[in-house]
Amino acid sequence: MRILITAGPTREYLDDVRYLSNASSGRMGYAIADAALQAGHEVVLVTGPVALEPPAGCEVHHIETTDDLLNSCVKLFPSCDGVIAVAAVCDYRPVERVRGKITKTGTAVTFEFIETADVLAELGKHKENRWIVGFALESQDPRENAMRKLKMKNCDCIVLNDTSAIAADANDVEVLNPNAETVAQFRGAKPEVAVKLFRWIESQIAPL
């Protein structure tokens, strides 16, 4: 199979120096990419800025903003059999990006923000015969929010984890199907979780 995997954070710039982002390390996405490669599949990795070397043997596309991620994924998805969307997308961006660097004036600065593009929902619109595995990192009403995302993004399943996973070496994930049933659960070091999760995806989702 040829599998699209997204990993790492996206950034949304306030000016030419400062940006909004999150603390995603990219470890989970990179570990899943490595697990897929080790299982003999072709991997297309679209990655935000992280301090990691991509697994040897995958096709790598580096992105920075959410629009970069969207454009890359829309272009690459049609040539893939499925997508595992692990990237931690920045949900908001400023209405206007200031050119240059904002200087201190001694007074408060106000920004207006709007939502960024929903990358996985856009892929879900053009799913056709491909499969989609989403990730949901939640802190409040986790199952309800994860299921809402699954339906909105047309996923075959969604992998639920919480904020303790951010930049951590370990993870505890729960896989939910469209009927809101827990169909798998894995915990441990991220490389170990990645191998078990990918094996489950390979046997339960990819054959679809």
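The values are calculated or read from the model by the stated rules, or taken from the named source; none is laboratory data. All figures in this text were calculated on a predicted structure; none of them were measured in a lab. Reconstructed Cβ throughout: ideal geometry from the backbone, glycine too, with neighbour counts over all protein chains shown.
Give the residue that is modelled with the highest pLDDT, with candidates limited to residues of segment 84-99 that are surrounded by fewer than 20 Cβ atoms within 10 Å (Cβ to Cβ), assigned to a loop (DSSP other than H, G, I, E, B) and not charged (D, E, K, R). Let's see the steps before the verdict.
Pass one, segment 84-99, residues surrounded by fewer than 20 Cβ atoms within 10 Å (Cβ to Cβ): 91-92, 94-99.
With assigned to a loop (DSSP other than H, G, I, E, B) added as a condition, the list becomes 91, 95-99.
In the following step, the residues that additionally are not charged (D, E, K, R) were identified as 95, 98.
Values: VAL95: 96, VAL98: 92.
This residue is VAL95.
Within segment 1-36, which residues are charged (D, E, K, R) and under 21 Å from PHE186 (Cα atoms)? Break it down into steps so the answer makes sense when it comes.
Of the residues in segment 1-36, the ones charged (D, E, K, R) are 2, 11-12, 15-16, 18, 27, 34.
ARG27, ASP34 - these are the residues of segment 1-36 that are charged (D, E, K, R) and under 21 Å from PHE186 (Cα atoms).
Do any strands (runs of 3 or more DSSP E) lying entirely in segment 1-83 carry at least 3 residues that are under 22 Å from CYS157 (Cα atoms), and which ones are they? Break it down stepwise before answering.
Numbers: elements: 2-7, 42-47, 59-62.
In segment 1-83, 2-7, 42-47 are the strands (runs of 3 or more DSSP E) which contain 3 or more residues that are under 22 Å from CYS157 (Cα atoms).
One line per residue, one yes/no per condition, for (1) surrounded by fewer than 17 Cβ atoms within 10 Å (Cβ to Cβ); (2) at positive phi; (3) not in a helix (DSSP H, G or I):
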| site | (1), (2), (3) |
| --- | --- |
| GLU122 | yes, no, no |
| GLY134 | no, no, yes |
| GLU144 | yes, no, no |
| MET147 | no, no, no |
| VAL175 | no, no, yes |
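Which residues, taken from segment 134-150, are among the acidic types (Asp, Glu), over 21 Å from ALA194 (Cβ atoms) and at pLDDT below 90? Break it down into steps so the answer makes sense when it comes.
Pass one, segment 134-150, residues among the acidic types (Asp, Glu): 138, 141, 144.
Still in the list and also over 21 Å from ALA194 (Cβ atoms): 141, 144.
Hit for segment 134-150 is ASP141, nothing else.
Evaluate segment 115-128: report whether one residue or more is more than 17 Å from ALA87 (Cα to Cα) and not basic (Lys, Arg). Steps first, please.
Within segment 115-128, the subset more than 17 Å from ALA87 (Cα to Cα) is 125-128.
Next, only the ones that are not basic (Lys, Arg) stay: 126, 128.
For segment 115-128, residues more than 17 Å from ALA87 (Cα to Cα) and not basic (Lys, Arg): present.
Over 19 Å from PRO9 (Cβ atoms) and in contact with a Cys (Cβ under 9 Å, 6 or more places away or on another chain), is that true of VAL83? Quick ask: steps written out before the conclusion?
Numbers: over 19 Å from PRO9 (Cβ atoms): no; in contact with a Cys (Cβ under 9 Å, 6 or more places away or on another chain): yes.
No; evaluated as a whole, the condition is false for this residue.
Being of a type outside the set (D, E, K, R), more than 17 Å from the chain's Cα centre (by Cα) and closer than 30 Å to ALA136 by Cβ is the filter here, so list the residues in segment 78-106 that pass it.
Restricting attention to segment 78-106, the residues satisfying the condition of being of a type outside the set (D, E, K, R) are 78-80, 82-90, 92, 94-95, 98, 100, 102-103, 105-106.
Next, only the ones that are more than 17 Å from the chain's Cα centre (by Cα) stay: 78-79, 94-95, 98, 100, 102-103, 105-106.
PRO78, SER79, PRO94, VAL95, listed by residue number.
In the list ILE63, ILE102, which residue meets the criterion of being of a type in the set (A, V, I, L, M), more than 30 Å from ALA180 (Cβ to Cβ), in contact with a strand residue (DSSP E or B) (Cβ under 7 Å, 6 or more places away or on another chain) and surrounded by 13 or more Cβ atoms within 10 Å (Cβ to Cβ)? Let's see the steps before the verdict.
On the way: ILE102 fails: in contact with a strand residue (DSSP E or B) (Cβ under 7 Å, 6 or more places away or on another chain).
Every option except ILE63 fails the conditions.
How many of the residues in segment 105-120 are surrounded by 13 or more Cβ atoms within 10 Å (Cβ to Cβ) and closer than 28 Å to LYS153 by Cα?
Of all residues in segment 105-120, those surrounded by 13 or more Cβ atoms within 10 Å (Cβ to Cβ) come to 111, 113, 116-120.
Now drop any that are not closer than 28 Å to LYS153 by Cα, which leaves 113, 116-120.
Here the count works out to 6.
List the residue pairs whose Cβ atoms are under 7 Å apart, where the first residue sits in segment 40-68 and is under 14 Å from ALA117 (Cβ atoms), the second is surrounded by fewer than 17 Cβ atoms within 10 Å (Cβ to Cβ) and β-branched (Val, Ile, Thr), and the two are 6 or more positions apart or on different chains.
Nothing qualifies.
Looking at segment 148-171, I want the residues that are over 26 Å from ARG130 (Cβ atoms) and have a partner that is surrounded by fewer than 16 Cβ atoms within 10 Å (Cβ to Cβ) and at pLDDT 85 or above with Cβ atoms under 7 Å, at least 6 apart or on another chain. Which pairs are those?
Taking only residues 6 or more apart or on different chains, the pairs are ILE166/ALA23; ALA167/ALA23; ASP169/ALA189; ALA170/GLY188; ALA170/ALA189.
Within segment 82-133, can you find the residues that are of a type in the set (Phe, Trp, Tyr) and farther than 18 Å from SER21 by Cβ? Give the steps one after another, and end with the answer.
The initial filter retains those residues of segment 82-133 that are of a type in the set (Phe, Trp, Tyr), namely 92, 111, 113, 131.
Matches in segment 82-133: TRP131 only.
Does GLY48 satisfy the condition of being at pLDDT 95 or above and within 20 Å of VAL195 (Cβ to Cβ)?
Working: at pLDDT 95 or above: yes; within 20 Å of VAL195 (Cβ to Cβ): no.
When the stated conditions are applied, GLY48 does not pass them.
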